[in-house]
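For reference, the structure is listed below as structure tokens.
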Amino acid sequence: MDEPIYYVCKYTPIELLSGFGLRAERLDPAPVSFECADGCAHPNLCGYGKAILEETLGRGIRRLLLVDCCDVCRRVYDVLLARGGMDFLLLLSLPHQNGPAERALLAGELRRLQAALERLTGDNVDRQEVSRAWRKAAKAQEQVEGGPYIALTGAHGGALLLCLLCQRAALPVRDLTCTGIRTLPGPEEETADFLTAYAAALLGQERPCMRMQFRPPTETAGAVGVVCHTVKFCDYYGFEYRALKARKEPLLKIETDCTPQSGGQLRTRIEAFMEMLGEGERKMDPKSDRGQYVAGVDSGSSSTDAVILNRRGEIVGSAILPTGAGAAAGAEKALEAALRNAGLTADQLGAVVTTGYGREAIGGQRSVTEITCHAKGAHHLAPEARTVIDIGGQDSKVIRLDENGQVINFVMNDKCAAGTGRFLEMMARTMELSLDEMSELGLRWQRDMQISSMCTVFAESEVVSLIAANTASSDIVHGLNESVAAKTVSLVRRAGGEPAYVMTGGVARNRGVVQAIEKKLSAAVRVPEEAQLCGALGAALIALEGI
Amino acid sequence: MADVVEMFGRAIDALAARDPDQGRRLMLTGLRLFGLKLRHLPDRRLPPSRQYSAALINRTVCRMLAHPEQAALVSVFQPCELLEAMDVIPMCAELFSAFVNGCGAESAFAQAAEVEGIAETYCSYHKVLLGSAFSGLLPAPKLIVNTSLVCDANNLTFRTLAEHYDVPRFYVDVPPRQDETALRYVAEQLLALQGFLEEQLGRSMQEERLREAVARSGRTVAALRACIPEKREHSLPGDLTSEMYEIYLSHNALGSSQAERYAAMLLDDLKAAPRARGIRLLWLHTIPIWQTPVKALFDLNDRYQVIACDMCMESLCEVDPERPYESMARRLVFSPWNGGQVRVDSSVRLAKALGADGVICFCHWGCKQTMGLSAVLKNELEKAGFPTLILNGDGCDRRNASDGQTATRLNAFLEMLEGQGHG
């Protein structure tokens, strides 16, 4: 059988391909790396565009029909054209408006495509077949079921994201992303100009993508929650996120690069969101109800923390150990240390709840995301808290709480070390300081220094230059603290943070950072004594509620 | 000087956060003071055309900020002869952001946009503009006019700002194809733009004034085109900032008598300049004029010179004053930036026409158009004999570039060219 013609965009006139007996197959790429795309294009293109390049070149695809959806799709075409070796490669120009002139323009493009397909197949178009395919597409339109649902909006998420979401959500998920549901109005019986009518149908889809200047805001009425997906270096869907933020539906923003690499981070966010929506409520296995104590274990990227509580919710033992090479082994050691600290044995534990990145790799009756656990722990330590700022090794997050300690919103940093504990660790290493020394130095600054670079590598290079210029270490550290604070406060604002503020996580021990955040927020930030244990404490409290 | 700029930037940022009007007034006062310096104590090392452009651009930005009610916010690629004919000030989005950067205040405004949800990876010129608007530094214009050429940001920023300010907007869609159908499609939209302007401004446009403006564009374009062979033969003492000013003068300012005067002066200066010498480079895309190591290498330096920026050549299309709408549409549709292969071909042609020793392809943060094509550009330019450096950076936001990395790449490239016997 002939190779199909691959396509990516929902505006692709795939029905026209049927008129030539050609098969259209949508690309849904999820490469593990961008080895090829980074070399022949540029690393700072959107992940989706790079994934299309990677898939096309990696699989040796030779027939591709592209639509000029965005800058990156245009450049994917240019790169493939320059490389040569394709049997069929065409970029269809798609107007940004939907008036008579635009429909005529697109009809002209469809004629150009038809001519190209005639050259490819040596055949003429079978108009009846195109009509049949068009009617079929119109009939197969999504049958929207009533009732609550989770809306997935934003940029292309593909099967990867959709599956992840469907697995975690108890409710149906509606794919409203740019490559989501394709709803073509059906053909009219008598059409004087077939291609103009077809162009009108393509442009008249029910859910136009963001590039269309006539696009109404995304319809999310009836959604229990909205997940807005953006792709790194995609221009469009940050603007949709901005519009969705103003609505009342609970909203989760996730950013990916269209590879499966950030699966763990993604899972945490989606699970936390479902927990926030009340979808994750489960009771503990009744068989586990055998002891007088419960434990919470937080397996983070830098440290693994464990907390043991008695039935009254009092901390009777705890431990903080480096995670080391394996999450499971690290958790086991931390739990053992906490039990030792409490003078207890594992048999006396009624339930263990795990959280953190390694939560599913380690044992325990139940795993809950660190968002829910930090909220629970922070509310326990400081009931007045309405905003929790948690900066850990690889994540910074801001969690909004209601008066009952329930999560009402949260945001996290994207796949980037800037503004995290790792950033400070790297800079401390560059400056040959311990983290404690860094914390102290950050309070003794004289000159208000700015480290302007957002990228960790650039910031390191800035620090090296400042060291070379004999800048006082305390001033450099202050600049770094300011940089972390700026990033954090930006997250606070995105989350709609309100006082009282509580800070948890390892970076909460750095007094310079806390001070810089307080200054930027013009508000006090409380750091509870057990700040670093907050996630494990929350997990233990959830364990306690479950028995 | 860098410290003064930094202090000024912080002061604008701090004031804008408390009182946007005061922040704008401080920026305007600073720019006016700098304008006085440019008029009375210009940099005599620069030729007259460049001294003129520095003072002119300063005046233009001050005018935009002082009289937003008479201005239309436009993208840099938007033809503005219709605005000129109707006495509307073109408020160039990218020029405004570049000036916020010049004041050292851009990072705070970029962050203000990010807080709203705009991607960190969005074009910094557009992000600074959005942040300035959201925080009140950029006053509401009378209206907004923009084209889809060259990048996606144009499809987003101006739509968002029209909603934010609640002002009318006109959009000119430019298909990425170069043929007569596209030309007619765009010309019809520009004709409709006239109707839009008349309705919004409540006055009629005089056809004669439009023809005059388009005729001035024609003369300006002819003079700027005549500069290309002169740039090949002569070395004009210059700086990178002047090249950036020329982008505005060869785009939104086309149709004005000032742009025509500038082009004529530039041609005269080039003819009178000494013979070409040193390493002479063609720069592709915008220039990070805020970066000290970049300026240190190329400003008023005989040994290394950026003799042209391709953005200044992007609009030099034939003009027929008797067909004003078609002429403006032609500039958009047949732009060498309207399509990947045409941009590659035009870059090679330009490098040949200028006799460049090498090419720097600047990948501005967030600009997928240039980044996506950079590998193809490098490949084709080097095939044609022009060593090419792909330089990543940011033309408008200090946070996305590293001075050290930029300096190393540029110096290594220049050493390589010298090693190959160029210059």
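None of the figures in this text is laboratory data; all of them are computed from the coordinates on show. Every value quoted in this text rests on a predicted model; they were computed, and no experiment measured them. Because the Cβ atoms are built from the backbone with ideal geometry, glycine has one as well, and the counts that use them run over all protein chains shown.
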Taking neighbour Cβ counts within 10 Å as the exposure measure, how do A:E15, A:E102, A:E314 sort from fewest upward? A:E314, A:E102, A:E15
Checking the a/c ratio against 1.5 first, then a/b against b/c, what shape does the Cα gyration tensor give for the protein assembly as shown? oblate
Dipole of segment A:5-139 [Lys/Arg +1, Asp/Glu -1 at C-beta], most positive-end residue of A:C40, A:C73, A:A24: A:A24
Between the alpha carbon centres of segment B:54-90 and segment A:1-77 the gap in Å comes to 41
Got a sec to turn the phi values of segment B:86-94 into Karplus ³J(HN,Hα) couplings, 6.51 cos²θ - 1.76 cosθ + 1.60 with θ = phi - 60°, whole Hz, x for Gly and Pro? 10, 6, 9, 7, x, 9, 6, 4, 5
Using DSSP to call loops (not H, G, I, E or B), can you name the trypsin sites (Lys or Arg not before Pro) in segment B:1-90 whose Cβ has at most 15 other Cβ atoms within 10 angstrom? B:R44, B:R45
Lysines whose Cα lies under 22 Å from that of A:K248, excluding same-chain neighbours fewer than 8 positions away: A:K397
About the Cα centre, charge dipole magnitude for the protein assembly as shown (Lys/Arg +1, Asp/Glu -1 at Cβ), debye: 700
With x for Gly and Pro, the residue-by-residue ³J(HN,Hα) of segment A:434-447, computed from phi through the Karplus equation 6.51 cos²θ - 1.76 cosθ + 1.60 at θ = phi - 60° and given in whole Hz, is 7, 5, 5, 4, 4, 4, 5, 4, x, 9, 10, 6, 10, 10
Mind grabbing the base-10 log of I(q)/I(0) for chain B at q = 0.06, 0.11, 0.13 Å⁻¹? Debye formula, identical points on the C-alpha positions, no solvent, two decimal places. -0.22, -0.81, -1.18
Which one of B:S53, B:L26, B:A11 is farthest out on the positive end of the charge dipole of segment B:1-66, using unit charges on Cβ (Lys, Arg +1; Asp, Glu -1) and the Cα centre as origin? B:S53
Pull out a ≥ b ≥ c, the square roots of the eigenvalues of the alpha-carbon gyration tensor of segment A:5-139, then state rounded if a/c is under 1.5, prolate if not and a/b is larger than b/c, and oblate in the remaining case. prolate
Tell me the net charge near B:A113. Cut-off is 11 Å between Cβ atoms, B:A113 excluded, with +1 for each Lys or Arg and -1 for each Asp or Glu. -3
Residues A:R311 and A:V32, FRET efficiency given R0 of 45 Å [Cβ-Cβ distance, rounded to 0.05]: 0.45
DSSP loop (so not H, G, I, E, B), at most 13 other Cβ within 10 Å: list which GluC sites (Glu not before Pro) in segment A:463-547 pass both filters. A:E529
Order these by the 10 Å Cβ neighbour count, fewest first: A:Y77, B:Y304. B:Y304, A:Y77
Sort segment A:388-527 into rounded, prolate or oblate with this rule: let a ≥ b ≥ c be the square roots of the eigenvalues of the Cα gyration tensor; rounded if a/c is under 1.5, and if a/c is not under 1.5, prolate when a/b is larger than b/c, oblate otherwise. prolate
On a 18 Å Cα-Cα criterion, which of the cross-link pairs A:K487/B:K295; A:K50/B:K383; A:K487/A:K519 come out too long? A:K487/B:K295; A:K50/B:K383
Of the beta bridges DSSP finds with both residues in segment A:388-527, what % are antiparallel, to the nearest 5? 65
Ranked A:F410, B:F96, criterion: other C-beta atoms within 10 Å, fewest first: B:F96, A:F410
Please state the charge dipole magnitude for segment B:94-193, taken about the Cα centre, from unit charges on C-beta atoms (+1 on K and R, -1 on D and E), reported in debye and rounded to the nearest 20. 200
Binned at 10 Å starting from 0, the alpha-carbon pair-distance distribution of chain A in whole percents comes out as 4, 16, 23, 22, 16, 11, 6, 2, 0
Please give every one of the aspartates and glutamates within straight-line cross-link reach of B:K352, meaning a C-alpha to C-alpha distance under 20 Å, and leave out same-chain neighbours fewer than 8 residues apart. B:E230, B:E233, B:E243, B:D310, B:E314, B:E380, B:E382, B:E418
Would you pull out the residues with amide H under 5 Å of B:C92's amide H, same chain only if 5 or more places away, H placed 1.01 Å from N? B:V74
Which of the lysines could a cross-linker bridge to A:K136, judged by Cα under 27 Å and excluding same-chain residues fewer than eight apart? A:K10
Can you tell me, using C-alpha contacts under 8 Å and at least 6 residues apart, the relative contact order of chain B as a whole percent? 17
